[in-house]
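The values are calculated or read from the model by the stated rules, or taken from the named source; none is laboratory data. Since we're looking at a predicted model, the values are computed, not measured. A quick note on method: Cβ atoms are made from the backbone with ideal geometry, for glycine too, and the neighbour counts reach across all protein chains shown. Accessible surface is based on the protein model in full, side chains and every heavy atom, while ligands, DNA and RNA are left aside. Shrake-Rupley method; radii C 1.70, N 1.55, O 1.52, S 1.80 Å.
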Amino acid sequence: MTVKQPLKGFRVLSAEQYGAGPYGTMFLAQMGADVIKIEPPKGGDTARHVGPHWLREQESLYFQSFNLNKRSLTLDLRTDEGQQVLHTLAKDAHVVANNLRGDVPDKVGLNYDALKAVNPAIVCAHISAYGRGNERSKWPGYDYLMQAEAGFCALTGDPDGPPVRFGLSMVDFMTGTMAAVGLLAALLDAQRSGEGCDVDVDLLSAAVHQTSYPALWYMNEDDVTGRAPFGAHPSATPSQMFKAADGWMFVMAQLPKFWTILCERIGHGELMTDPRFDTPANRLTNRSALSDILSDIFAAHPVAHWLELLQGLMPIAPVYGLDQALDSPWLKTIGMRDTVSHPDRADMNVLSSPIKLNGERLPNRAGPLLGADSDAVLAEAGYDSGAIADLRAKGIV
């Protein structure tokens with residue numbers, strides 16, 4: 001079956017690096033867009049140099065995480081000739097994206113004002129740490145800083161321990177996804193109106209937006225959500241990690257019906273009539289006592305025992321290590337692991353797209369070697385072999 005790719009025919013030029021921008025544009029590439037990475041001729045995307053695992057001297061596995069299905073063009077945007085090439089390419093492109101420092105896009109002509117003369121319908125998508133056109137625009141910034149400043153670290157971890165960041169760069173990933181949503185909406189409008197625009201998402205704004213309901217609780221009720229033991233939900237209980245005889249699991253009796261199922265299935269129906277736990281409010285008030293009781297019960301048997309009793313009837317999951325999570329047979333069942341061919345590894349393992357169209361996951365191919373598509377992209381734009389050789393001799397590509 002041919003997998004539907006709704007963005008076929010759309011071209012995205014992306015001066016991108018590291019995580020947030022490449023992660024967002026990878027979704028576009030998997031959905032069929034021709035995503036052309038614009039990389040500095042010397043070194044390329046910094047992600048190519050992030051260890052500890054390598055395919056070749058300057059080709060990291062880390063880079064592959066964010067750059068499947070793309071093409072690579074080396075181009076020095078800081079030069080006049082590089083700008084001329086950019087304008088030539090932008091004439092036939094639909095989107096120009098970047099995740100450069102907030103003050104850089106205006107300097108290297110990646111904004112709508114700089115490109116609308118050559119393509120009025122161009123959509124210019126910007127991801128930066130703190131936004132453009134403000135006093136922080138020149139500041140460098142990364143995911144971990146946003147987790148700290150937006151309150152994530154203070155919300156994560158044990159109440160008696162230090163603040164803790166997420167184990168993954170979730171602000172990067174969510175910002176890239178938000179940028180993809182914004183640019184697709186602007187692209188849809190540009191297709192109808194013929195007028196493009198600038199689309200901006202910054203890491204800090206994306207992080208703050210994800211504080212979600214605790215933010216509204218504080219802004220409206222001065223209620224500062226804190227950390228609860230065992231990663232517990234701030235208001236529903238029992239909804240937390242418990243230690244079984246041989247490992248940890250997360251149990252979530254978020255709804256009254258799940259509380260009933262939990263008590264009945266574990267053989268402790270008396271908990272339902274205990275006046276300390278007979279209502280959601282009472283369970284929250286007496287969270288510590290309930291947690292102690294359930295911890296003693298769960299400690300008597302291994303995780304598999306409790307999963308057998310409860311899985312599919314109420315929300316429960318084992319707390320896996322990364323290796324266990326990725327080796328889970330369920331991932332094979334749902335097709336979330338894939339293999340692609342890379343020049344250095346014939347069967348390189350990658351993650352599948354989480355998006356399905358008509359029940360089929362989107363196709364993958366390996367991320368490009370640095371500058372692997374420069375000649376092809378320039379030829380498509382009308383440059384002959386002599387002109388391409390001249391650009392290469394000058395270090396422009």
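Could you please state how large a percent of the accessible area of the range 1-125 is carbon and sulfur, counting protein chains only and using a 1.4 Å probe?
Exposed carbon and sulfur together represent 51 percent of the surface.
Taking amide H as placed 1.01 Å from N in the peptide plane, Ala125 has its amide H under 5 Å from the amide H of Val96, Ala97, Asn98, Val199, each at least 5 places away in sequence or on another chain. To the nearest 10, the accessible area of Met249 is 0 Å² with a 1.4 Å probe. Shape analysis of the range 1-138 based on the Cα gyration tensor places the equivalent ellipsoid semi-axes at 23, 20, 14 Å, largest first. If the segment from Glu149 to His53 were pulled out straight at 0.36 nm per residue, it would be longer than the present Cα-Cα gap by 31.5 nm. Summing charges over all other residues whose Cβ lies under 13 Å from the Cβ of Leu75, with Lys and Arg as +1 and Asp and Glu as -1, gives -2. Label 7 Å along Cα→Cβ of Lys8; the range 83-116 residues with amide nitrogen under 20 Å? Only 93-95 fall inside the zone, counting backbone N under 20 Å. When the alpha carbon gyration tensor of the range 23-75 is reduced to an equivalent ellipsoid, its three semi-axes come out at 19, 14, 7 angstrom, largest first. Extension gain for Leu331-Asp158 works out to 59.3 nm (0.36 nm per residue, less the C-alpha to C-alpha distance).
Along the range 3-17 the Karplus relation, 6.51 cos²θ - 1.76 cosθ + 1.60 evaluated at θ = phi - 60°, assigns HN-Hα couplings of 6, 5, 10, x, 9, 4, x, 9, 10, 10, 9, 9, 7, 10, 7 Hz to successive residues, with x for each Gly and Pro. If you take all other residues with their beta carbon under 10 Å from the beta carbon of Cys263, and give Lys and Arg +1 and Asp and Glu -1, the sum is -2. Relative to the Cα centre, the charge distribution of the chain, modelled as +1 at Lys and Arg Cβ and -1 at Asp and Glu Cβ, gives a dipole magnitude of about 580 debye. Thr333 accessible area, nearest 10 Å², 1.4 Å probe? Its heavy atoms expose roughly 100 Å² to the probe. Of interest is the spacing of the C-alpha centroids, which for the range 267-343 and the range 137-194 amounts to 28 Å.
Close amide H pairs (under 5 Å, H built 1.01 Å from N) link Thr74 with Glu39, Gly371, Ser374, residues at least 5 positions away or on another chain. Taking every protein chain into account, the accessible area of the range 74-168 amounts to 48 square angstrom per residue (probe 1.4 Å).
Listed peptides 117-127, 297-307, 30-40 appear in the order 30-40, 117-127, 297-307 once ranked by packing, highest mean of other Cβ atoms within 10 Å at the front. What the phi angles of the range 115-122 give under the Karplus curve with 6.51, -1.76 and 1.60, with θ = phi - 60°, is a coupling list of 10, 5, 5, 8, 7, x, 8, 5 Hz, glycine and proline written as x.
For the pair Asp375 and Arg345, a Förster radius of 22 Å applied to the C-beta separation gives a FRET efficiency near 0.35, rounded to the nearest 0.05.
Percent of C-alpha pairs per 10 Å bin in the chain, short distances first: 5, 19, 25, 22, 15, 9, 4, 1, 0. Only the Cβ atoms of Lys and Arg (+1) and of Asp and Glu (-1) were treated as charged; on that basis the dipole of the range 64-125 about its Cα centre amounts to roughly 220 debye.
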